[in-house]
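Below: the structure, in structure tokens.
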Amino acid sequence: MNTATKLSGFALGLVAVFGAAYGIGHVAGPDAPAADTRHDDTDAGHGDQGHAGEAAARLPGGLLVSERGYTFQPTAAPEGQFAFRITGPDGRPVTRYDVAHDKRMHLIVARRDLSGFRHVHPELADDGTWRVASPLAGPGVWRAFADFTPTGGEPLTLGVDVTVPGTLAARPLPPPATSTTVDGYTVTLTGAPEPGRTSRLTLSVSRDGRPVTDLQPYLGAYGHLVALRQGDLAYLHVHPEGTPGDGRTPAGPAITFAAEVPSVGAYRLYLDFRHGDAVHTAEFTVVAGDQAPPAPTGPATTTAPTPDAGHGTPGHGHS
Ligand SMILES: [Cu+2]
């Protein structure tokens, strides 16, 4: 009797621990979908709200139009302008924001096909309306990201689709590359993102074959890197290592970022840097978690499928 009681107590203890671990798996998200489907209603009474909140907190930014009570609402605007409000938990437009990276609001837009990236800074009116010359350059379905920190709240990136009518010529995603040119600058990328872990990405800027060593600070850094995931445009704003004037961060040619991408897949990287009193944006396609195996030392064998030339899917030749 005594022993039996102890045993069932022990068994109950195991169930409780298992249940708790299950709860953790439930919020751990994308890599544990099986746990989700088998998860029954045994803990429905304690904290589903909390689970939902934590799950949202673990999502990459920009996938939700409304999060933690804040909602991204585009509003009517005159031709050539883009206007929006952020409404807060009380339903009213938010009028107080903290400055982050020199600005209270960062508006980033890209077409759903990952072309047309722009990063602009709207002006706030007293009634909580943000306005800016429209960065939506041409027809298509655009994703707009509002990256901001409401005063008294946590940083947040909300996303919304905006359609610009007209005839859309879909652009295939450019293949992965480690070098690109923009405005006469050559930017090279070293390092490769790995899903679920922090990777160092270094972008080096040169012009006419010479390293650029006098980059100008832009929004408090020598470079800003945004990554958008192909397929859902999950948004990652990656911060560089070091800040201008800290005595150890050179003004180029290299800008180093610590990036963590949330999953395998193709990403488009957009590097904003400032030189010659102008901001330039260098773009790269990278593929995370799709590394070709090291080249064999013997006769070469081809294991990667041939990229479908007409489809725009990134191939496997990423080095
Ligand atoms: Cu910005």
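The table below lists the values:
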{"item": "Residue, surrounded by the most Cβ atoms within 10 Å (Cβ to Cβ), within segment 196-223, restricted to residues that are within 16 Å of the ligand (Cβ to nearest atom) and assigned to a strand (DSSP E or B)", "result": "ALA221"}
{"item": "Filter result (more than 16 Å from the ligand (Cβ to nearest atom), of a type in the set (Asp, Glu) and in contact (Cβ under 8 Å) with a residue 24 or more places away in the chain) within segment 81-137", "result": "ASP113, ASP126, ASP127"}
{"item": "Filter result (surrounded by fewer than 20 Cβ atoms within 10 Å (Cβ to Cβ) and not in a loop (DSSP other than H, G, I, E, B)) within segment 94-108", "result": "TYR97, ASP98, ALA100, LYS103"}
{"item": "Flag for ARG171 being part of a strand (DSSP E or B), surrounded by fewer than 18 Cβ atoms within 10 Å (Cβ to Cβ), charged (D, E, K, R) and more than 16 Å from the ligand (Cβ to nearest atom)", "result": "no"}
{"item": "Of the criteria (1) within 21 Å of the chain's Cα centre (by Cα); (2) within 15 Å of ALA77 (Cβ to Cβ); (3) surrounded by fewer than 19 Cβ atoms within 10 Å (Cβ to Cβ), which one ALA133 fails", "result": "(1)"}
{"item": "Qualifying residues in segment 151-160 (those that are of a type outside the set (Val, Ile, Thr) and within 16 Å of the ligand (Cβ to nearest atom)) - the one nearest to ILE86 (Cα to Cα)", "result": "LEU158"}
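Here's the yes/no breakdown for (1) acidic (Asp, Glu); (2) farther than 21 Å from PHE117 by Cα:
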{"residue": "ARG229", "(1), (2)": "no, no"}
{"residue": "ASP232", "(1), (2)": "yes, no"}
{"residue": "TYR235", "(1), (2)": "no, no"}
{"residue": "PRO240", "(1), (2)": "no, no"}
{"residue": "ARG248", "(1), (2)": "no, yes"}
{"residue": "ALA254", "(1), (2)": "no, yes"}
{"residue": "PHE257", "(1), (2)": "no, no"}
{"residue": "VAL264", "(1), (2)": "no, yes"}
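Every residue, every condition in (1) aromatic (Phe, Trp, Tyr); (2) in contact with a strand residue (DSSP E or B) (Cβ under 6 Å, 6 or more places away or on another chain); (3) assigned to a strand (DSSP E or B), yes or no:
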| site | (1), (2), (3) |
| --- | --- |
| ILE86 | no, yes, yes |
| HIS119 | no, yes, yes |
| ASP127 | no, no, no |
| THR181 | no, no, yes |
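Every residue, every condition in (1) of a type in the set (A, V, I, L, M); (2) modelled with pLDDT of 95 or more; (3) in contact with a strand residue (DSSP E or B) (Cβ under 8 Å, 6 or more places away or on another chain); (4) surrounded by 17 or more Cβ atoms within 10 Å (Cβ to Cβ), yes or no:
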{"site": "PRO250", "(1), (2), (3), (4)": "no, no, no, no"}
{"site": "ILE255", "(1), (2), (3), (4)": "yes, yes, yes, yes"}
{"site": "ALA259", "(1), (2), (3), (4)": "yes, no, yes, yes"}
{"site": "LEU269", "(1), (2), (3), (4)": "yes, yes, yes, yes"}
{"site": "ARG274", "(1), (2), (3), (4)": "no, yes, yes, yes"}
{"site": "ALA282", "(1), (2), (3), (4)": "yes, yes, yes, yes"}
{"site": "GLY289", "(1), (2), (3), (4)": "no, no, yes, no"}
{"site": "ALA292", "(1), (2), (3), (4)": "yes, no, no, no"}
{"site": "ALA295", "(1), (2), (3), (4)": "yes, no, no, no"}
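The values are calculated or read from the model by the stated rules, or taken from the named source; none is laboratory data. Since this is a predicted model, take the numbers as computed values, not measurements. No Cβ is skipped: glycine too gets one built from the backbone with ideal geometry, and neighbour counts run over all protein chains shown.
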